[in-house]
Amino acid sequence: MGVLYFLIPLALVVVTSAVIAFRWALANGQLDDLDTPSVRVLTDDLHER
């Protein structure tokens, strides 16, 4: 039972940190363009030649 007094606040801290990180990513445009980086990997060799 004593371990719950440690794990529940720890879980709340982890979840809160994840939500804050997700909101920061949204606010800074990290999730704006999800398609271009994956396609750019395929076309990089063509532009180097």
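No lab work stands behind these numbers, since they all come straight from the coordinates. Quantities reported herein were computed from a predicted structural model and do not represent experimental measurements. Cβ: placed from backbone, ideal geometry, glycine included. Neighbour counts: every protein chain shown.
What the Cα atoms of the chain give is an Rg and a Dmax of 19.8, 65 Å. Between the beta carbons of PHE6 and ASN28, assuming R0 = 22 Å, the FRET efficiency works out to 0.10 to the nearest 0.05.
Ranked by the mean number of other Cβ atoms within 10 Å of their residues, highest first, the peptides 33-43, 7-17 fall in the order 7-17, 33-43. Here the calculated FRET efficiency for ARG40 and VAL15, from their Cβ-Cβ distance with R0 = 30 Å, stands at 0.35, rounded to the nearest 0.05.
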